[in-house]
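Written out below as structure tokens is the structure these notes cover.
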Amino acid sequence: MKLKLDNKSSRKACKLQTKHGKKKSHVNESKSQPTKQNDVELDLEQEAPTLDEDPVQQHLDSSPPSDCNEDNVNAGDDHHNLENDEDQENGNDNPIPDQVEEESDSSEDEVAPRNTVGDVPLEWYRDEKHIGYDISGKKILKKEREDRLQSFLASADDSKSWRKVYDEYNDEVIELSKEEVRQLRRLLKGKAPHADFDPHAPYVDWFKWDDAKHPLSNAPEPKRRFIRSKWEAKKVVRLVRAIRNGHIKFDKPKEEQQFYDLWGDESSTTEKTSHLSYIPAPKPKLPGHDESYNPSLEYIPTQEEINSYQLMYEEDRPKFIPRRFTSMRSVPAYDNALKDAFERCLDLYLCPRVRKKRINIDPESLKPKLPNRKDLRPYPTTCYLEFRGHKDAVMSISTEANGQWIASGSLDGTVRIWEVETGRCLKVWELGEPVKYVAWNPKPDLPILAAAAGVDVLLLNTGLGDGEVQAKIKEVLHVDKLPATENSDKTPAATWLQDDKTGGIRLRHFKSVSAVEWHRKGDYLSTVLPAGESRAVLIHQLSKKLTQKIPFKLHGLPVSSVFHPTQSILFVSTKKEVRVYNLLKQKLLKKLKTGLREVSSIAVHPAGDNVIVGSREGKLCWFDMDLSSEPYKILRCHPKDITNVAFHRSRPLFASCSDDGTAYVFHGMVYSDLTQNPLITPLEILRGHKNVNGRGVMDCKFHPMQPWLFTAGADSVIKLYCH
């Protein structure tokens with residue numbers, strides 16, 4: 001323990017060291033006396049070592065110089081009970097004193113400090129061989145430091161090492177006595193250093209005593225306390241004139257009201273309505289001719305009317321039936337007088353009344369101002385053509401880059417290519433397994449179709465294009481040998497096989513594939529394997545026949561993956577959130593928090609800055625990535641699950657389809673000005689598909705050029721909606 005002492009404290013410590021050095025033997029003798037067992041030593045609160053500092057190193061740093069003499073005291077004193085010391089300080093007014101001689105107040109006993117430099121900081125002597133000058137003007141040389149390890153071992157054996165403090169000012173080691181330890185302990189607790197000091201001494205009034213007969217001063221009261229000054233007289237005259245002229249008006253005393261108007265209107269009284277919390281009690285209805293003791297004959301009901309009252313409901317039955325009496329004296333007492341008075345008290349005192357300020361607001365003004373739907377044309381409104389030929393639900397559709405052809409995959413295990421203008425089926429592939437997803441290559445000069453069926457993804461030659469295009473396609477879809485994958489496992493993530501039946505490539509995975517998406521350049525495609533765990537999302541390169549997994553941890557089951565329209569960015573949606581990855585830098589760019597129960601589909605705007613997400617609970621979320629990672633808009637449009645969402649490639653349109661058998665078309669304008677938020681307007685609800693086994697519209701895609709929408713339903717029908 002190392003404490004920094006000032007000049008005054010160092011002188012005190014030096015004097016105590018000299019005194020206790022002389023009485024060392026006397027202290028040792030007092031230890032053997034049984035009557036002195038109540039002497040208790042209080043341990044100072046030592047500084048706790050920090051996290052980055054070794055306790056041994058701390059002790060070595062605080063070691064005293066080697067030539068400092070340290071007095072050894074019996075080790076048994078360190079094990080006294082601290083609780084007894086607390087009792088002496090708090091409850092015992094007369095603690096047993098130590099066997100040491102009392103300290104004298106004489107100035108002759110005080111030991112002058114060795115160092116006489118005054119308030120000069122010791123930092124100025126850091127590079128010098130001395131630390132100051134004594135009273136004779138000689139230099140006080142610095143003492144050599146002993147080995148830190150030796151100092152630590154010596155302090156460990158010395159039971160009184162905790163009492164010793166190093167005086168940096170005089171370059172000495174001082175050992176504190178028991179009384180000094182007690183005083184320091186009391187100071188740390190915020191108490192007075194001496195135990196006999198009473199902080200709550202009774203108050204003594206020095207100017208009051210019992211036999212007092214005369215005041216402190218016999219001087220008479222001055223005249224200025226009774227006679228007003230000239231300034232005060234002028235002030236009184238001005239006030240009197242102001243009162244006479246009417247400039248100062250006093251409040252009139254309030255007149256107590258002798259009578260209470262039972263049927264009066266209290267809302268107009270200014271006395272009580274000045275407070276906003278005051279609400280007048282309701283007044284009873286004024287009595288009419290029915291309540292008169294002698295009403296006219298037309299107010300008295302006949303016997304038939306009285307009998308008809310008994311057939312009415314109790315709440316519709318009149319509570320008072322008029323009767324005629326010859327005089328007021330013959331009117332009997334009211335039967336329900338006490339009951340009515342009690343209910344009246346309940347209405348007045350127990351029923352809470354609240355003042356409500358009504359604001360007249362036009363409901364139409366609360367609606368958001370949206371543009372007229374006629375100004376947003378063209379957009380799909382009417383079913384123009386139906387494509388029939390599948391025998392089971394159509395799970396996925398995809399349009400060719402030029403918009404001339406459309407491909408579809410169904411649960412009947414077939415993949416079909418249709419001509420958009422006529423609805424003619426051009427080609428059919430029998431795959432033997434339910435087709436979950438189809439995707440057309442985005443490059444017009446490479447018409448290759450990818451179809452996901454079970455654990456296989458087939459890359460099919462559609463047969464479109466001239467001879468040069470077909471020769472290029474056959475070269476791309478040719479597999480020479482089985483390439484090695486990056487995974488060293490026994491079961492590779494994907495295997496490239498030549499499919500002789502279809503004339504294409506069969507990309508066999510180790511788990512079933514749920515979605516396939518092409519890169520904008522047409523050479524890469526991504527596949528999603530929900531049960532693939534660490535290899536759930538794979539990226540395949542068509543030209544080199546290579547497969548690799550994304551170097552990211554998904555933190556959830558993947559649902560779909562989409563490439564950015566213009567950059568090397570991959571969007572991967574799990575059931576709870578959407579993660580955006582940079583494939584070149586291999587890092588996570590952003591995490592979109594959907595707040596949905598389960599995500600079902602995702603689509604990216606052609607500009608790449610906005611994303612729409614569909615959910616299993618019928619909600620559609622619009623994300624503005626430049627604005628926030630939270631949804632910009634949440635549209636609650638479908639009562640059932642949303643199966644897919646889609647953006648138009650060149651027009652401000654987007655759509656969503658659901659198991660409720662409908663497809664919603666929206667206008668979504670994204671502005672180049674960052675200060676202007678996107679404009680979202682609902683346009684049309686497209687109906688026409690039938691629900692089969694609880695499923696409705698399974699997929700929807702826009703035409704790449706025209707404002708047309710294709711929908712695929714569970715009723716095995718594909719519909720084309722035009723403007």
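The values are calculated or read from the model by the stated rules, or taken from the named source; none is laboratory data. Nothing here was measured: the structure is a model prediction, and the numbers come from that model. Here the Cβ positions follow ideal geometry from the backbone for every residue, glycine too, while neighbour counts run over all protein chains shown. Just the protein is used for accessible areas: all its heavy atoms, side chains included, with ligands, DNA and RNA removed. Shrake-Rupley method; radii C 1.70, N 1.55, O 1.52, S 1.80 Å.
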Within the stretch 533-554, restricting attention to residues that are part of a strand (DSSP E or B) and touching an Asp or Glu at 6+ places or on another chain (Cβ under 7 Å), which residue is surrounded by the most Cβ atoms within 10 Å (Cβ to Cβ)? GLN548
State which residue is most open to solvent (accessible area, probe 1.4 Å) when the search covers only the stretch 555-575 and only residues that are more than 17 Å from SER600 (Cα to Cα) and among the hydroxyl-bearing types (Ser, Thr, Tyr). THR566
Within the stretch 487-532, which residues are open to solvent by less than 20 Å² (accessible area, probe 1.4 Å) and within 17 Å of ILE473 (Cβ to Cβ)? TRP496, ASP499, GLY504, ILE505, LEU507, GLY522, LEU525
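A quick yes/no check of all residues on (1) open to solvent by 90 Å² or more (accessible area, probe 1.4 Å); (2) in contact (Cβ under 8 Å) with a residue 24 or more places away in the chain; (3) farther than 21 Å from LYS285 by Cα:
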{"position": "GLU304", "(1), (2), (3)": "yes, no, yes"}
{"position": "ASN307", "(1), (2), (3)": "no, no, yes"}
{"position": "GLN310", "(1), (2), (3)": "yes, no, yes"}
{"position": "LYS319", "(1), (2), (3)": "yes, no, no"}
{"position": "SER327", "(1), (2), (3)": "no, yes, yes"}
{"position": "ALA337", "(1), (2), (3)": "no, no, no"}
{"position": "PHE342", "(1), (2), (3)": "yes, no, no"}
Please verify whether the stretch 628-641 includes one or more residues that are among the small types (Gly, Ala, Ser), within 20 Å of the chain's Cα centre (by Cα) and open to solvent by less than 60 Å² (accessible area, probe 1.4 Å). yes
Of all residues making up the stretch 540-565, the number that are farther than 17 Å from LEU446 by Cα and touching a residue at least 40 places away in the same chain (Cβ under 8 Å): 11
If ALA219 satisfies all but one of (1) open to solvent by 100 Å² or more (accessible area, probe 1.4 Å); (2) in a loop (DSSP other than H, G, I, E, B), what's the number of the condition it fails? (1)
Restricting attention to the stretch 625-648, and to residues there that are in contact with an Asp or Glu (Cβ under 7 Å, 6 or more places away or on another chain) and in a strand (DSSP E or B), which single residue is farthest from TRP708 (Cα to Cα)? THR643
Residue, least open to solvent (accessible area, probe 1.4 Å), within the stretch 686-712, restricted to residues that are without any contact (Cβ under 8 Å) to a residue 40 or more places away in the chain and in contact with a Ser or Thr (Cβ under 7 Å, 6 or more places away or on another chain): HIS689
Out of LEU370, LEU376, report the one residue that is open to solvent by less than 60 Å² (accessible area, probe 1.4 Å), under 28 Å from ALA655 (Cα atoms) and under 50 Å from the mean Cα position of the chain (by Cα). LEU376
Can you pull out the residues in the stretch 604-620 that are open to solvent by 10 Å² or more (accessible area, probe 1.4 Å) and touching a residue at least 40 places away in the same chain (Cβ under 8 Å)? VAL604, HIS605, PRO606, ALA607, ASP609
Of all residues in the stretch 124-171, how many are of a type outside the set (S, T, N, Q), in contact (Cβ under 8 Å) with a residue 24 or more places away in the chain, closer than 17 Å to ARG114 by Cα and in a loop (DSSP other than H, G, I, E, B)? 5
Starting from the stretch 362-383, keep only residues that are within 15 Å of VAL665 (Cα to Cα), then list their pairs with residues that are β-branched (Val, Ile, Thr) and open to solvent by 100 Å² or more (accessible area, probe 1.4 Å) whose Cβ atoms are within a distance under 8 Å, requiring at least 6 positions of separation or different chains. none
